[in-house]
Structure formats: C-alpha cells, structure tokens
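The values are calculated or read from the model by the stated rules, or taken from the named source; none is laboratory data. All figures in this text were calculated on a predicted structure; none of them were measured in a lab. Reconstructed Cβ throughout: ideal geometry from the backbone, glycine too, with neighbour counts over all protein chains shown. Surface accessibility is based on the protein's heavy atoms, side chains included, excluding ligands, DNA and RNA. Shrake-Rupley method; radii C 1.70, N 1.55, O 1.52, S 1.80 Å.
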Amino acid sequence: DSLFAHPVRLVDLPRAAREYRDSSVTRGRRYWYEVAAVDSAGNIGASPCMSIMPADITPPTAPAELKAVIGKAGVELSWQAVNESDLAGYNVYRSDLPSGVPEKVNREPLKEPRYTDATGDANHYYWVQALDTSGNESPRSAVVRPAP
C-alpha cells in the first residue's frame with residue numbers, strides 16, 4: 001500500500017464520543033489515522049496524522065509428537081512441523097530435570113522440524129518451542145528423554 005493513498009472515512013461519531021476501535025486492522029501492517037472535527041457550519045479541523053502498527057502477540061501452537069533417540073552423532077530429535085503462516089522456526093531446549101532450568105541448544109531458529117544435539121546424552125530432557133516472526137514463542141512441546 002502507498003503512503004500517499006487516498007484517505008478513507010471510517011465512521012461519523014456522535015459529539016460525545018471520545019474513542020473509536022478499528023477492528024478491521026491486520027497485525028504487522030502500518031495504518032495512518034487522522035481525526036477531524038466538524039462544526040455546525042461545516043468547517044473541518046483535523047488533528048495531526050498518527051501512525052500505528054498493531055503488534056502480533058499471539059504465539060504459534062506448540063510442536064507435537066517430539067521424539068528423541070540416541071544416534072551415532074548425538075541425540076536425534078524430530079517433531080511434527082507447526083503450520084503457521086508467520087513461523088520463523090523452532091528452538092530446542094534441554095535440561096537435567098523434566099522441569100529444570102532450560103538451556104537453548106540451537107544458536108539460530110531451526111527451519112526444519114529436526115535437530116541433532118551432538119553434546120546431548122540419555123540424561124537430558126528435551127522440549128521444542130515454535131517461534132514466529134514477531135518473536136512470540138509457543139508453549140513447550142511435550143518433554144521427552146532420549147530412547148537408546
């Protein structure tokens with residue numbers, strides 16, 4: 001959309017109105033608003049333009065069907081891909097206890113639903129979380145321990 005698009009009149013509000021909620025917006029898209037007051041003679045007085053971009057605060061769904069096995073190269077993890085239009089990738093976490101302090105094992109978000117932890121072993125617990133392009137992280141997947 002062009003910044004110089006023609007303005008669209010959204011609504012005429014009663015005199016006492018002090019707010020308006022635009023429910024037609026899309027998260028992550030920039031919008032420009034201007035409020036105009038009109039007196040009984042039809043004179044228009046406008047406020048300065050204001051720009052807003054509604055934030056995406058909705059996390060992706062949690063990855064499902066996490067599996068972990070001990071392989072030749074380390075702990076091999078795989079899970080079902082998350083189907084989200086704004087998916088950025090996945091983060092893999094491990095801990096010494098099922099509810100212990102998490103240690104993220106990948107440096108960058110993973111693009112594929114699999115990962116091999118070369119330094120992992122049968123004593124670690126693992127879970128995966130999906131990450132969207134706005135930085136929202138999903139709830140944890142199931143926590144698993146590698147099978148031999």
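Can you work out which of the residues in region 14-47 that are among the aromatic types (Phe, Trp, Tyr) and open to solvent by 80 Å² or more (accessible area, probe 1.4 Å) is nearest to THR133 (Cα to Cα)? Here the residue is TRP32. Summed over region 5-62, the residues that are acidic (Asp, Glu) and touching a residue at least 60 places away in the same chain (Cβ under 8 Å) give a count of 1.
Which one is farthest from TRP32 (Cα to Cα) among residues in region 63-76 that are β-branched (Val, Ile, Thr) and surrounded by fewer than 17 Cβ atoms within 10 Å (Cβ to Cβ)? Per the criteria, the residue is ILE70. Check whether at least one residue in region 80-96 is open to solvent by 40 Å² or more (accessible area, probe 1.4 Å), in contact with a Leu (Cβ under 9 Å, 6 or more places away or on another chain), hydroxyl-bearing (Ser, Thr, Tyr) and part of a strand (DSSP E or B), and report yes or no. No, that holds for no residue. Of the numbered criteria (1) surrounded by fewer than 11 Cβ atoms within 10 Å (Cβ to Cβ); (2) within 30 Å of ALA81 (Cβ to Cβ), the one PRO60 fails is (1).
What are the residues in region 117-148 that are in a strand (DSSP E or B) and surrounded by fewer than 15 Cβ atoms within 10 Å (Cβ to Cβ), if any?
ALA147
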